[in-house]
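Below is one structure, written out as structure tokens, with a few remarks after it.
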Amino acid sequence: MKLLRAWILALPAYLWSGWGAIASLLMLVAAWELVAAVYGPLVLPDPRTAFATLYALVASGDAWPELAATARRALAGFALSVLVGSALGLAAGVSMTASAMSRPVVTVLMGTPPIAWLVLAMLWFGASDGTPVFTVFVASFPVVFVGALQGARTLDNQLRTMAAAFRLPPRMMFVDLYLPHVVSYLFPAWIAALGTSWKVVVMAELLSTQDGVGAALAVSRSHLDTATTMAWITAVVGLLLAVEYLLLEPIKREVERWREPHAAAGAGP
Amino acid sequence: MSAPRLRVRGVRHAFARHEVLDSVDLELGAGRIVALVGPSGCGKTTLLHLCAGLLHVDEGTIENGFATQAFMFQQPRLLPWKTALDNVALGLAAVGVARNERERRARELALRLGLAPVDLGRFPHQLSGGMQSRVSLARALVLDPELLMLDEPFSALDVGLREELYGLLLAHLAARRMGVLMITHDLMEAVRLSDEILVMAPRPGRIVARFGLDLEPRRRDEAWVHRNTARLLEEPAVRSSFGLPGLTPAPTLGGDDDTGSLARLPPLGPVVALARTASRC
């Protein structure tokens, strides 16, 4: 709850520091507008049309069920990968042999394109929720796994000896030594995995399901409706930006206040 | 309460098949400061970790009669995610002292050791090396241990800071009957602080000589420390342990006065006793 208070108190200053980020996003929108003006609305509708379409989708209530379905699948896959990836990664990190053995496997997992997993998942799970959830899980699992593995492997032996010399009881060993260290590796990995989940779920839905943002994109594509396509893309990207910069980044800052400041500290999102 | 002691008898230790320590004996009583000196890699740290119970004793016995102990390492080894105050209070938290009480005691001692009130709320990376060392010292002293173990804790600090911390440490010890076992490769530091100096030789680590210093540490001035360090350096056991060449008849020190007075001093003064008492009991 201390965290919640700190988050609310720090929010205005944080948002203020975000002007630079907002400016660069607006530049991107300007470039979009320029391309739209050059190539015409069939290739790329201008941002205002896209935003208006999105607004209409939201206002009519059509957008929410699709977004909810997508979020449900993304979060389910993400939660699975966080649970399994963190647990297995930590376990592997404790043992030298296990971490050496798991490294090539993780490289293979990371190198396999998500679309390949999607094809397999479609064969295994058909048109059910299982397909996107599994694809998301497989795509974000290695990210979490590697974070957890490194967190467990890099635990400072000197600090462990210190803790033993001061006879820290097991509970303090866990709460004051292992947990903060491991979380400092896990948390960034979770954030990265969430971004992966959100992207992969849309791709999986595009090919395998009847509802969700991906499916809506497939429909608008078959109608050559670029305005709706851009509206959905904007919605997906906007949601990710909002979650990442309004929720996760401030939490990360608060949790990792003890870290040495980065060169970019204070530069905003 | 009978005076507690630390007794080490015939301790050997090996890492894999590499012998680190060979039949080490030492004894430390309450209120005494014993310094282990020797070159890097002679097994000093291993011996200290054995005494602290951080390593398992394979051969020989270590009887530690001190009820409580604290350790100060070569590096500050602070928890980077805890503030200075919480780091100082770490050992107190480990023995279950309530938060208010441990923060009060930690704050009081930290301020006495020269930390500023604003430093207490800072994280280790925001503190200078000297401040981190103070936190590390405070973390050990706040426990008020009967046995304090120091593993070259001041070796990375500059002369002024080191001298200040010696003073703070000695002032803190004066009011207490704390046994201190310290290791150092700095002979001057050993002469400055300890009542007894044990010289270790490497491969395998063993104690080759024992010296006593009778003047109370707080009354030693710089000249005294220099004089006795020089004398210690003339000891054959010390020279061979550190791999120094045997003494030539003409020492190479710059000032004639210095070298002259050094040579002329009697080996054992009545107060300034740098007495070689025994080697390997």
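Read the figures in this text as sums done on the coordinates, not as results from a lab. Source: prediction; values computed, not measured. Quick reminder, even Gly has a Cβ in these numbers, built from the backbone with ideal geometry, and neighbours come from all protein chains shown.
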Completion exercise
With the dipole of the protein assembly as shown defined by +1 on each Lys or Arg Cβ and -1 on each Asp or Glu Cβ, the option from A:Gly212, B:Met178, A:Val82 whose Cα lies farthest towards the positive pole is B:Met178
Handout entry: Count of Lys pairs (Cα-Cα under 28 Å; at least 8 positions apart or interchain) in the protein assembly as shown
Key = 4
Problem - Nearest 10 degrees, 0 to 90: helix A:213-222 Cα axis against chain A principal axis - result: 30 degrees
Problem - Cα centre as origin, Lys/Arg/Asp/Glu Cβ charges: region B:165-213 dipole, Debye - result: 160 debye
Practice task
Tell me, rounded to the nearest percent, the portion of alpha carbon pairs in chain B spaced more than 31 Å apart.
Solution key: 30 percent
Fill in the blank from the handout: Honestly chain A on the Cα gyration tensor test (a ≥ b ≥ c root eigenvalues; a/c under 1.5 rounded, otherwise a/b vs b/c for prolate or oblate) is just oblate
Practice task
Work out the FRET efficiency for B:Ser40 and B:Glu108 from their Cβ-Cβ distance, taking R0 = 51 Å, and round it to the nearest 0.05.
Solution key: 0.90
Completion exercise
Once normalised by the length of region B:9-48, the mean sequence separation of its alpha carbon contacts under 8 Å that are 6 or more apart gives a contact order in percent of 32 percent
Completion exercise
Sorted largest first, the Cα spans of the protein assembly as shown on the principal axes come out in Å as 106, 51, 47
Fill in the blank from the handout: Proxy exposure order for B:Leu113, A:Leu11 (fewest C-beta within 10 Å first) is A:Leu11, B:Leu113
Practice task
Can you tell me the 0 to 90 degree angle between the C-alpha axis of helix A:19-39 and the longest principal axis of chain A, rounded to 10?
Solution key: 30 degrees
Fill in the blank from the handout: Once normalised by the length of chain A, the mean sequence separation of its alpha carbon contacts under 8 Å that are 6 or more apart gives a contact order in percent of 29 percent
Handout entry: Per-residue Cβ neighbour rank within 10 angstrom, fewest leading, A:Tyr39, A:Tyr14
Key = A:Tyr39, A:Tyr14
Handout entry: Cβ charges +1 (Lys, Arg) and -1 (Asp, Glu), total dipole of the protein assembly as shown, debye
Key = 1080 debye
Practice task
Please build a GNM for chain B, connecting alpha carbons under 10 Å apart, and tell me which residue among B:Pro245, B:Pro217, B:Pro124 fluctuates the most.
Solution key: B:Pro245
Fill in the blank from the handout: Checked against the positive end of the charge dipole of the protein assembly as shown (+1 on Cβ of Lys and Arg, -1 on Cβ of Asp and Glu, about the Cα centre), the farthest of A:Gly18, A:Ala227, B:Leu193 is B:Leu193
Practice task
Among B:Gly114, B:Gly65, B:Gln132, flag the residue with its Cα farthest along the positive direction of the charge dipole of chain B, charges on Cβ as +1 for Lys/Arg and -1 for Asp/Glu.
Solution key: B:Gly65
Exercise for the section: Kindly work out what percent of the DSSP beta bridges joining two residues of the protein assembly as shown are antiparallel, to the nearest 5. Expected result: 55 percent
Completion exercise
Everything considered on the Cα gyration tensor (a ≥ b ≥ c; rounded for a/c under 1.5, else prolate if a/b is larger than b/c, else oblate), region B:79-144 must be described as prolate
Completion exercise
Ranked from fewest to most other Cβ atoms within 10 Å of their own Cβ, B:Asp22, B:Asp221 fall in the order B:Asp221, B:Asp22
Handout entry: Nearest-ten-degree value, helix A:114-125 long axis tilted from longest Cα axis of chain A
Key = 90 degrees
Handout entry: chain A, dipole about Cα centre (Lys/Arg Cβ +1, Asp/Glu Cβ -1), debye to the nearest 20
Key = 940 debye
